[in-house]
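Right, one structure below, let's go through it.
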Amino acid sequence: MLYTLLLILGLSHLTFFGSSVCNGQGADEVDHVKHGYAWLYAQLLGARHEADTAAGVYLYSNTSVNGINTVRHMELLPTHLSEGPGFAVIGLGLGNEGLHGAADPQAVYDQWKTNMQTIIRMAQEKGKAVIVTNNYPRGDYNPSDYSYVKRMNLEMQEWDVPTVNFLGALDNCAGDGQWAVGFQNGDDIYHPGQAGYDEMLHSFVPSLLDALAAGKPKPVRQTGEGRKLAEGQRLVFTPEDQVHSFTLAFRVRHIGAMQLDLTIDEGVAPALPDMPADERWHTLVLSHYYAAGKTYVYLDGVQQSVTDGSMLLQQAAVGGPCVVSDLHFWRAGMNADEIAAWHNNKMLCSSLELYCPLNNGSLINLAQSMNNSKFK
């Protein structure tokens, strides 16, 4: 009923509520408006509507408060979030909760998790469809902090709300959870600069809100027989809007020599490992971190290579002869913990733009986006 009303009205409120990163601290400021990820996403949605009248119209507001943590957020949310239908993007992190340097980091972890789930419920009770941004880097994090951040982000993917993978956009890939080099706001260790906010934007699925308004639920992981591709046949996927960091993953069973073609505007595509030409299912994952300039290739959950350099992906195509199933595309890089979870059949939905189980050959995209793959 909520989303039917939104579609009839042709518009909906989109409210961002979080801490200073959600507020755009460190971003360029024009006419007293910070061009952080919240503002940038609102501009993207407006541009999509102008280009395609089927896209929704969203009335943007940002009520974020610098320095806020989950405890203070619960106090302020009733007055900062109006009653009625609309979308609420919650942008908070473990950093403001006091993770770094905590005597008991597990207690901080547990408090943040409990409070975030309460905040989500409070927003939903006000009639909002909730989206949550996950934990992002900080310039003072260390390997211990990073382990908690990664674990929380992985756990959040099982929550019954869409999430956005900021860590996969700005991780420096050095194992300490700090900002990618050149994307921190100068000496300010707590915030990204404008380039960092641009990367955060790219990790949002552009048509996420339209998919939610259309009633698309979070997908459930499926396994099936997949789609058989003869020699010369291809499954083709083109991301919505511009994509920077990304992860492409699928299961494949060979009947010949599988082809994977990446159309890129800049950079160098990674070399693929020799794929076993047998009748067993294998998993192949490409995880690209644009800001860090790293591309990792995994076969059957084991890292095979890392390629230096950033690339701009335009299109991905899997070609036969082979059988393909479980095709995923995320708008963020994925770390080894996430890839291991996916390899072991976890459903990971953070920044997920495409999920085609390919059961019985169907190309239906179950991800919460309006994009689709094509068969050629």
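The values are calculated or read from the model by the stated rules, or taken from the named source; none is laboratory data. Everything numeric in this text was worked out from a predicted model, so none of it was measured. Every residue, glycine among them, receives a Cβ derived from its backbone with ideal geometry; neighbour counts consider all protein chains shown.
Points worth noting:
- Being surrounded by 13 or more Cβ atoms within 10 Å (Cβ to Cβ), touching a residue at least 12 places away in the same chain (Cβ under 8 Å), among the aromatic types (Phe, Trp, Tyr) and under 21 Å from Gln124 (Cα atoms) is a condition met by at least one residue of region 50-67.
- Out of Asn115, Asn134, sole residue that is within 23 Å of Gly193 (Cβ to Cβ), of a type in the set (S, T, N, Q), in contact (Cβ under 8 Å) with a residue 40 or more places away in the chain and in contact with a helix residue (DSSP H, G or I) (Cβ under 7 Å, 6 or more places away or on another chain): Asn134
- Residue that is nearest to Asp308 (Cα to Cα) [pool: residues in region 174-186 that are touching a Phe, Trp or Tyr at 6+ places or on another chain (Cβ under 7 Å) and surrounded by fewer than 19 Cβ atoms within 10 Å (Cβ to Cβ)]: Gly175
- Residue within region 216-227 that is touching a strand residue (DSSP E or B) at 6+ places or on another chain (Cβ under 8 Å) and closer than 17 Å to Asn371 by Cα present: yes
- Whichever residue in region 108-145 is acidic (Asp, Glu) and farther than 21 Å from Pro217 by Cβ and, among such residues, is surrounded by the fewest Cβ atoms within 10 Å (Cβ to Cβ): Asp110
- Residues of region 311-328 classified as within 17 Å of Gln259 (Cβ to Cβ), under 19 Å from the mean Cα position of the chain (by Cα) and either β-branched (Val, Ile, Thr) or crowded, with 16+ Cβ neighbours inside 10 Å (or both), total: 3
Residue-wise test of (1) farther than 23 Å from Asn344 by Cα; (2) in contact with a Phe, Trp or Tyr (Cβ under 9 Å, 6 or more places away or on another chain); (3) free of Cβ contacts under 8 Å to residues at least 24 places away in the same chain.
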residue	(1), (2), (3)
Ser203	yes, yes, no
Pro206	yes, yes, no
Leu209	yes, yes, no
Gly215	yes, yes, no
Val220	no, no, no
His244	yes, yes, no
His254	no, no, no
Ala257	yes, no, no
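- Candidate set: region 317-376, residues that are outside any helix (DSSP H, G or I) and of a type in the set (Phe, Trp, Tyr); chosen: the one farthest from Val205 (Cα to Cα): Phe375
- Residue within region 34-53 that is at pLDDT below 90 and aromatic (Phe, Trp, Tyr) present: no
- The criterion of at least 1 residues that are over 27 Å from Cys173 (Cβ atoms) and either in the same structural domain as Cys349 (by TED's automatic domain parsing) or among the basic types (Lys, Arg) (or both) is met, among helices (runs of 4 or more DSSP H) falling completely within region 46-161, by 70-80, 105-125.
- Hits in region 173-206 - residues which are in contact with a Pro (Cβ under 6 Å, 6 or more places away or on another chain) and of a type in the set (A, V, I, L, M, F, W, C): Trp179, Phe183
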